[in-house]
């Protein structure tokens, strides 16, 4: 049987925390930043956790 291949693009987007949760970056931080408030842009810097319903799918993609 061949080895399982991880999805390389998913591996660049998600990483595991020490407790096994999956971190992701937030969206809406690329362009059109002038109309977004300072507070909103600052809060978008922080990483978020993947929603529980999506965790099994992401785990399979990153090979965790």
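Below is a table of values for the structure above.
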quantity: Which numbered condition residue 64 fails, given (1) modelled with pLDDT under 95; (2) part of a helix (DSSP H, G or I); calculated: (2)
quantity: Residue that is nearest to residue 9 (Cα to Cα) [pool: residues in the range 43-55 that are out of contact with any strand residue (DSSP E or B) (no Cβ under 8 Å at 6 or more places or on another chain) and surrounded by 10 or more Cβ atoms within 10 Å (Cβ to Cβ)]; calculated: 54
quantity: Residues satisfying the stated conditions in the range 25-41, i.e. at negative phi and either touching a strand residue (DSSP E or B) at 6+ places or on another chain (Cβ under 8 Å) or loosely packed, with under 10 Cβ neighbours inside 10 Å (or both); calculated: 25, 26, 27, 30, 31, 34, 35, 37, 38, 39
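The values are calculated or read from the model by the stated rules, or taken from the named source; none is laboratory data. The structure presented is a predicted model; accordingly, all values stated were derived computationally and were not measured. We place every Cβ from the backbone using ideal geometry, glycine too, and count neighbours over all the protein chains shown.
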